[in-house]
Amino acid sequence: MINRVINKTIEYPIILSNNEYAHLLLILNDYKNSADYKQWFIQNFNDIYFIKRDFSEFENVICFLRNINERIMESCPFINMRRLSPNKAVDIISEIKKWIDRGNFIVLQLNKYYLPCSGEYEKRNIIHRVLLYGYDDETEMFEAADMFQLTGYMLEQIKYDDLQQAYLSCLEMGNKENGDIEVISYKSSKCNLDMQQLKEKMNQYIEKNKSYINCEIYQALVKSLQQEDYLDEISCNVLYEYQKIITKKAEFMQEMNLISLEEHQLKEFYDLEEEMLQFRNYYIKYRIKNKYREQVEERRKIQNMLSELHRKHIRIYKLLVEKIK
């Protein structure tokens, strides 16, 4: 029988291109319909960043975090977290099952070299923070979530033996933090939405990005068209996911009577979300095809798409700010 911490139907989180936020939103799966969660969601996710990433074939990435190694779960008002450093002699499989039985999520470092569901399986040693939220003794599998593939966040199953090997490998690599385990549980908490602060942050975003030429994110995408593999598949997904977040904010604020959008205005959010998805798919196809033959016309089309998407993005962002009471 499967034992899960999540009680309701498990759904992929709205963010699949950032491991930390994806973990957090998956953990909060059971609370996403509560008023406190919606207020917290509206207050957060106000920017995206173009940052340098070390130890990667891709020098720069578009990211929801200012620092690629930033830990954000501890600042969430809805969870408790404690870090444990188990002894090497501890039966890690039994310990994880015990914590899950008590209603806890587990985040631990695993070497993806030993995980068959990972793109790095038997290729290279990559240490990653994996979320465990259930197990099944009949199949001897843990239910897990992580950036197992380059395409983004995934829900997978990991055999007990594979997980133990992947965990012990981290310990053998000598970094003490590799063996730390985060035990996470829900915490009842109120979220007070500061609309003035939200409006200030959104105005700052508009001011920083209102010029297409000076918008760092869009110009990074423009530049990437000239340089093979300048941005990875996950980066070009962030822009689409950010629009999904803006749409979700609009939905929540409309539902809570914090704004009043006409039906045709709300449709603009959904339409732009769909256009962002089309752009993402077109961009990925361009990068693949351009490796074999230069795609001059496609490049020009993508550049025009980017300019138009930026214009629409800033326009509906301004609309959202103007509608805040």
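Structure note, pairs 98/159; 223/289; 52/112: Cα-Cα distances above 19 angstrom occur for 52/112.
For segment 266-322, GluC sites (Glu not before Pro) are listed when DSSP marks them as loop and at most 11 other Cβ atoms sit within 10 Å of their Cβ; the list is 294. In a reduced charge model with +1 at each Lys and Arg Cβ and -1 at each Asp and Glu Cβ, the chain shows a dipole moment near 1000 debye about its Cα centre. Residue ranking by accessible heavy-atom surface, 1.4 Å probe, largest first, among 8, 112 comes out as 8, 112. Between 198, 18, 130, the Cα set farthest toward the positive side of the dipole of the chain (charges on each charged residue's Cβ, about the Cα centre) is that of 198. Dimensions of segment 195-325 from C-alpha coordinates, computed as largest minus smallest value along each principal axis and given longest first, are 52, 26, 21 Å.
Computed from the C-beta positions of residue 102 and residue 125 and an R0 of 35 Å, the FRET efficiency is 0.65 to the nearest 0.05. Taking the C-alpha atoms only, the angle from helix 263-290 to the longest principal axis of the chain is near 70 degrees.
Simple rule: put +1 on each Lys or Arg Cβ and -1 on each Asp or Glu Cβ in the chain, find the dipole, and look at 173, 235, 257; the Cα lying farthest toward the positive end is 257. Both radii are taken from the alpha-carbon atoms of segment 227-283; with Rh as the Kirkwood radius, Rg/Rh is 1.12.
Simple spin-label estimate for residue 244 and residue 204 gives 2.6 nm between the two label positions (7 Å along the Cα-to-Cβ direction from each Cα). Ligands, DNA and RNA left out, the 1.4 Å accessible surface of the chain is 44% carbon and sulfur atoms. Averaging over every viewing direction, what projected area does the convex hull of the Cα atoms of segment 136-206 cover, in nm²? Computed as one quarter of the Cα hull surface, the answer is 9.3 nm². Straight-line cross-link partners of residue 187 among the aspartates and glutamates, defined as a Cα under 16 Å from its Cα and at least 8 positions apart when in the same chain: 30, 36, 74. Computed with a 1.4 Å probe over protein heavy atoms only, the accessible surface of the chain comes to 50 Å² per residue. With contacts taken as Cα pairs under 8 Å and at least 6 residues apart, the chain reaches a relative contact order of 20 percent.
In summary, the convex hull built on the alpha carbon positions of segment 271-325 has an orientation-averaged projected area of 3.9 nm². Comparing 63, 76, 236 in a Gaussian network model of the chain, where Cα atoms under 10 Å apart are tied by springs, the biggest mean-square fluctuation is seen for 76.
If you bin every alpha carbon distance in segment 14-55 into 10 Å steps from zero, what whole percent lands in each bin? In order of increasing distance, the bins hold 23, 50, 20, 7, 0 percent.
Sorted into 5 angstrom bins from 0, the C-alpha pair distances of segment 1-76 split as 3, 13, 21, 23, 17, 10, 7, 5, 1 percent.
Across 232, 30, 194, mean-square fluctuation computed from a Gaussian network of the chain (C-alpha pairs under 10 Å connected) peaks at 194.
Take the Kirkwood radius over Cα pairs of the chain, plug it into Stokes-Einstein at 10 °C and 1.306 mPa s, and you get 74 µm²/s for translational diffusion.
Angle, helix 92-101 long axis vs. longest principal axis of the chain, Cα atoms, 0 to 90°, nearest 10? Result, in degrees: 60. Suppose we look only past 24 Å in the calculated P(r) of segment 88-247. What percent of the Cα-Cα pairs does that tail hold? Summing the P(r) of segment 88-247 above 24 Å gives 53 percent of all pairs. Here segment 33-153 is treated as a sphere whose radius is the Kirkwood value from Cα pairs; by Stokes-Einstein at 25 °C and 0.890 mPa s it diffuses with a coefficient of 143 µm²/s. Taking amide H positions as modeled 1.01 Å from N, with prolines and chain starts lacking one, the residues under 5 Å from residue 259 and 5 or more places away or on another chain are 254.
For segment 199-249, the percent of C-alpha pairs falling in each 10 Å distance bin, counted from 0 to the bin holding the largest distance, reads 21, 47, 28, 4. Compute the separation of the alpha-carbon centres of segment 210-265 and segment 86-142 and state it in Å as a whole number. Centre-to-centre (Cα) distance: 34 Å.
The values are calculated or read from the model by the stated rules, or taken from the named source; none is laboratory data. Because the structure is predicted, anything quoted here is derived from the model rather than measured. Reconstructed Cβ throughout: ideal geometry from the backbone, glycine too, with neighbour counts over all protein chains shown. Side chains are part of the model used for accessible areas, which takes the heavy atoms of the whole protein and leaves out ligands, DNA and RNA. Shrake-Rupley method; radii C 1.70, N 1.55, O 1.52, S 1.80 Å.
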